[in-house]
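What follows draws every value from the coordinates through simple rules; no lab data is involved. Just so it is clear, the structure is predicted and the values come from calculations on it, not from any experiment. Quick reminder, even Gly has a Cβ in these numbers, built from the backbone with ideal geometry, and neighbours come from all protein chains shown.
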Amino acid sequence: MQPLRLTQLARGGGCACKIPAGELEDLVAGLRGVDPAIGADVLVGLDDGDDAAAVRVEGGIAVISTADFFTPVVDDPYDWGRIAAANALSDVYAMGGTPVMAINLVGWPREALDQGLLREVLQGGLDVASVAGCPVLGGHSIDAPEPVYGMAVTGTADPDRLLRNDAAEPGLPISLTKPLGVGVLNNRAKATGDVSADAVASMVRLNRDASLAALAAGARAATDVTGFGLLGHLYKMCRASRVTARIDSAAVPYLPGARAALAAGHVPGGSRRNLDWVRPHLVPRVGEDELLLLADAQTSGGLLVVGEVPGAPVVGETLPVDALGGAMVEVV
């Protein structure tokens, strides 16, 4: 008998299983805004689709709240747990915050999968959260047709030093703190069983150090690169900040094997949907393959920071809002 592979139990995998960005924006249209009667001092809400929500509480501190979960992105249950935890914690780091607690979110097909596998998933999440100094305090689980795992994370931050996706200014460099290529490599692994150790290592690495470095460098705008790809998340930042951007495709780092996986056709459907979504707002001066890699749906990707982050490559620059004649992003 062939061994059971977790990735075969889900249609998508990792952040590539997100609802497409355009559909999601249509879905939440009209649900934005805060009732003044509630009295919450909202710093970051739903309006610009930032990485997490933030409110100011008594004492002046900013409390950050986020939730992230997905179907298996790898077959190893322990690695899946580690990746999902790092991905959920990333939303807090992308806002310039520090995670202070997390709770597990689980959907599990009890009749199809052994409970011991779930224990390995939870152990992986706990181990990564422990590295982050973030206690995992319970959670919620349901019996579900597909395995799903992630976390809801609460963090804190200085409200005057939040990293936001609506705070980008023109004339600044854009840094990327992790290489791209996770989406095509994971899709290759799902199809062939050929797991990229480089991709797994990248996905389990916390964005904590990158966040601290961005804050130390005086950055004010950032986002993490996940399911909507670099182009999708950059487009959202440009739109929210009323700037445009130019990406130097030759400066963008990729994981080993990413281009080969693309050439072999291992492109997630989510990556193609990402490119279709941003294409009307692009000035492309490179080929389709390069655009697909830049739109590749990442899981637990790095931070895209407006500003120069020591040790991270500069992959582009921000420009005035009218620099591209109505478009948002130029790729050269």
| field | Estimated dipole of the chain in Debye, rounded to 20 [Cβ of Lys and Arg +1, of Asp and Glu -1, Cα centre] | value | 360
| field | Q123 versus D198: modelled label distance in nm, points set 7 Å from Cα along the beta carbon direction | value | 3.0
| task | Grab the DSSP H runs of the chain that are 4 residues or longer, score each as -39,500 (n - 2.57), total them, divide by all residues and round the 222 nm result to the nearest 500 deg cm²/dmol. | result | -9500 deg cm²/dmol
| Along the Cα-to-Cβ line of L212, 7 Å from the Cα, sits a label point; which residues in the range 142-182 have backbone N less than 16 Å from it? | 156-158
| Using +1 on the beta carbon of Lys and Arg, -1 on that of Asp and Glu, and nothing else charged, what's the dipole of the range 253-326 about the Cα centre, debye to 20? | 220
| In percent, what relative contact order does the chain have, based on Cα pairs under 8 Å that are 6 or more apart in sequence? | 23
| field | Normalised contact order of the range 173-331, rounded percent, pairs of Cα under 8 Å and 6 or more residues apart | value | 48
| task | Report the antiparallel proportion of the DSSP beta bridges in the range 181-332 as a percent, rounded to a multiple of 5. | result | 55
| remark: Taking the dipole of the chain about the Cα centre (Lys, Arg +1; Asp, Glu -1; charges at Cβ), the one of N186, A222, N274 that reaches farthest to the positive side is N186
| task | Along Cα→Cβ, 7 Å out, is where each label goes; now give me the distance between the ones at I19 and R161 in nm to one decimal. | result | 3.6
| query | Roughly how big is the range 110-221's charge dipole about its Cα centre, with Cβ charges of +1 (Lys, Arg) and -1 (Asp, Glu), in debye to the nearest 20? | reply | 240
| said: Quick check: pseudo-label points 7 Å beyond the Cα along Cα→Cβ at E111 and R272, how many nm apart are they? | reply: 3.3
| query | Rounded to the nearest 5, what % of the DSSP beta bridges within the chain are antiparallel ones? | reply | 75
| With a ≥ b ≥ c the root eigenvalues of the C-alpha gyration tensor of the range 173-331, is it rounded (a/c under 1.5), prolate (a/b larger than b/c) or oblate? | oblate
| task | Rounded to whole Å and sorted largest first, list the principal axis extents of the Cα atoms in the chain. | result | 60, 52, 39
